[in-house]
Amino acid sequence: MIGGDFSQVDGLPNVRVARVNLDGSVDRTTLPGILGQSGANGTVNALAVYPTTIPNLGGRTIVAGAFTTFNGVNLNRYVRLAQDGSIDSTFTIGAGADNPIYAVAIQRTGM
């Protein structure tokens, strides 16, 4: 996963977050722009991908930064994405954070 303040990757529409394949190419199946979604409306500062060894969470990604919406949904500064790049609606953040987030980490337990 890559995050930042970009609007496209490899010429493809993308808004501040993208998944990259093992060979470095962009995973074209999860791009916010290609999926008709808007991505983050502010800079993405941090990403953390759940290890595949964590049951029911493996491959999901926490995205954090200076954004207040993700794919058009009010999500203040962090969101969890499903493996396909869509918002994981089972992860509820309430009001979210009131200032930018610069780092995230996932513990072995998945918390």
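Amide H contacts under 5 Å for L75: T69, F70, restricted to partners 5 or more places along the chain or on a different chain, H placed in the peptide plane at 1.01 Å from N. Database remark: amide H of S38 closer than 5 angstrom to the amide H of N71, G72 (H placed geometrically; neighbours at sequence offset of 5 or more, or on other chains; Pro and chain starts carry no H).
Each Lys and Arg Cβ is given +1 and each Asp and Glu Cβ -1; about its Cα centre, the chain then shows a dipole of about 200 debye. Here's the picture: a label point sits 7 Å out from the Cα of S25 along the beta-carbon direction, and within segment 1-18 the residues with their amide nitrogen under 17 Å of it are 1, 9-13. Amide H contacts of F6 (H built 1.01 Å from N, in plane; Pro and chain starts excluded): R16 sit under 5 Å, all sequence-distant by 5 or more or on other chains.
Across segment 75-81, computed HN-Hα scalar couplings (Karplus, 6.51 cos²θ - 1.76 cosθ + 1.60, θ = phi - 60°) run 9, 6, 6, 7, 8, 10, 9 Hz from first to last residue, x flagging Gly and Pro. Recomputing log10 I(q)/I(0) by the Debye sum over Cα atoms at q = 0.12, 0.21 Å⁻¹ from the coordinates shown identifies the correct label among (i) -0.36, -1.16; (ii) -0.48, -1.23; (iii) -0.41, -1.11 as (i). Extension gain, I106 to T52: 0.36 nm times the residue separation minus the Cα-Cα distance gives 18.2 nm. Sequentially through segment 11-21, phi angles give Karplus couplings (6.51, -1.76, 1.60; θ = phi - 60°) of x, 9, x, 6, 10, 6, 8, 7, 9, 10, 6 Hz, Gly and Pro residues having no value and appearing as x.
Applying the Karplus relation 6.51 cos²θ - 1.76 cosθ + 1.60 with θ = phi - 60° to segment 44-61 yields 3J(HN,Hα) values of 9, 9, 8, 9, 8, 9, 5, x, 5, 7, 8, x, 6, 10, x, x, 6, 10 Hz, where x marks Gly and Pro.
Read-outs throughout are calculated quantities, based only on the coordinates presented, and are distinct from any laboratory measurement. The model shown is predicted, which means the values in this text are computed figures rather than measured ones. Reconstructed Cβ throughout: ideal geometry from the backbone, glycine too, with neighbour counts over all protein chains shown.
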